[in-house]
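The values are calculated or read from the model by the stated rules, or taken from the named source; none is laboratory data. Since the structure is predicted, the reported quantities are computational estimates derived from the model, not experimental observations. Keep in mind that these areas ignore ligands, DNA and RNA; they rest on the heavy atoms of the full protein, side chains included. Shrake-Rupley method; radii C 1.70, N 1.55, O 1.52, S 1.80 Å.
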Amino acid sequence: MADKKTTVAVCMDGSKHSDYALEYYMEKIHRPENEVHIIHCGNYKAMESLSMSMAPAEPGLLQSVIDEEEKRIHETMEHIKQKLHDWHLNAVISRIHGDPAHVLLHKCNDIGAKMIVIGSRGQGKIRRTFLGSVSDYIVHHAHVPVVVCKHESHFHPHHGHTNH
C-alpha cells in the first residue's frame, strides 16, 4: 500500500504565494509516486475591468487587451514550467478559465485529486469578507484534505521576506 499513487492538485497562479505552495508541497509532502497536477486559472483580468465600464470598447482596443492578457497568461505558464523544471517535477499542467474558486475545485474533482495544495495571499479580514478568498472557498467546499500554504512572513511582518 506504500507505493499507491496519490493524485495531488497544486493550484498555481504564478504569484510568490503559489510558488511557496509548490515549494512547501515539494519539501514537506511530495512522494515520488504521487501524480501531481498543476492547475492554473488563466483569466483575462483586464477584460473584467473593461466590461465594468459602461462604454462599448473599440474592437482594436479589445483585441490589444486580449493579446496582452494572453501574453501575461503565457508568461505565467512559462514561470510555472520553470518552477517544475527547477524541482525536477514531472507534472500535468492544466490551464482553466472561469471563476477561480469554482473552476479550480471542479478541476480537482475531475482529476480525482486526493489532496489540494494552494497558496494564500494573506488578505485582510475585510477584503476577504467582501471579495471572498479562493483558498477559503476550496477549504469549505472540497471533500479532500486541503493544504493552505501561508508564508511565515505573513505572521512575522518584522522579518524580511526570503525568496526561494
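Name the helices (runs of 4 or more DSSP H) wholly within the stretch 1-99 that hold at least 2 residues that are open to solvent by 40 Å² or more (accessible area, probe 1.4 Å) and modelled with pLDDT of 90 or more? Step through it out loud before you land on a result.
Values: elements: 16-24, 45-52, 59-86.
In the stretch 1-99, the matching helices (runs of 4 or more DSSP H) lie at 16-24, 59-86.
Within the stretch 110-126, take every residue that is in a loop (DSSP other than H, G, I, E, B) and at pLDDT below 90 and give me the one that is least open to solvent (accessible area, probe 1.4 Å).
Residues of the stretch 110-126 that are in a loop (DSSP other than H, G, I, E, B), as a first pass: 111-114, 120-124.
Now drop any that are not at pLDDT below 90, which leaves 120-124.
Working: SER120: 11, ARG121: 124, GLY122: 43, GLN123: 52, GLY124: 43 Å².
Once the filter is applied, the top-ranked residue is SER120.
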